[in-house]
Amino acid sequence: MPATDADQQEQGTIVVSRAPDGGRDQFRRYKVFIDDTQVGLIGRGRTLRFDLPVGPHRLQLKIAWCSSPTLTAMVEPGEPTSFRCAPGGEPSEALSAVTVGAADYIALQRTDEPMEALRVPRDGTPRFQLATALGFLAGCLALIGAWIWH
């Protein structure tokens, strides 16, 4: 049975974008919970979309025993409700972030538009410089190893 215009008007979208920067949790994904049900995993620099019925929904992100605050997302028909997440706090606060600050470990905030529209291209220069330095170091170690064995 095809969807009618009335059915489509009763749906809205929650968009969750994760910041592409931030050292903490860069190789880990956050669990996305809507109305206390896990609906996905979001990695660094990614955006997820969830079609939901119109009305209020609870949104929270979790990783291990840590989480974001729970926010209420008011889903409107045909318009996306956008959120941005990133590691919360300062890197120097790492110990307190996983203990007393575990409920604010992930920063979650409402935004006017999805982050993918705000994304700027990355410059590959730092990665190239790091790869060059590591290659040079590996070459030096190989030469030292050959000199010792000879």
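The values are calculated or read from the model by the stated rules, or taken from the named source; none is laboratory data. Bear in mind the structure is a predicted one, so any value in this text is a computation, not a measurement. Note: ideal-geometry Cβ built from the backbone for every residue, glycine included; neighbour counts use all protein chains shown. To get the accessible areas, we keep the full protein, side chains included, count just its heavy atoms, and leave off ligands, DNA and RNA. Shrake-Rupley method; radii C 1.70, N 1.55, O 1.52, S 1.80 Å.
Sorted largest first by accessible area at a 1.4 angstrom probe radius, with every protein chain in place, the residues PHE50, PHE128 fall in the order PHE128, PHE50. Distance between the 7 Å Cα→Cβ label points at ALA64 and TRP149: 3.9 nm. The GLN109 and GLN129 beta-carbon pair, evaluated with R₀ = 30 Å, returns a calculated FRET efficiency of approximately 0.35. Within the assembled protein chains, the solvent-accessible surface assigned to LEU141 is about 110 Å², based on a 1.4 Å probe.
Accessible-area rank, largest first, for ILE148, ILE106: ILE148, ILE106, with all protein chains present and a 1.4 angstrom probe. Solvent exposure of VAL32, expressed as accessible area, is near 0 Å², computed with a probe of 1.4 Å over the protein chains only. So, in nm, how far is label ALA19 from label GLN38 when the simple model puts each one 7 Å beyond its Cα toward the Cβ? The two pseudo-label positions are separated by 2.5 nm.
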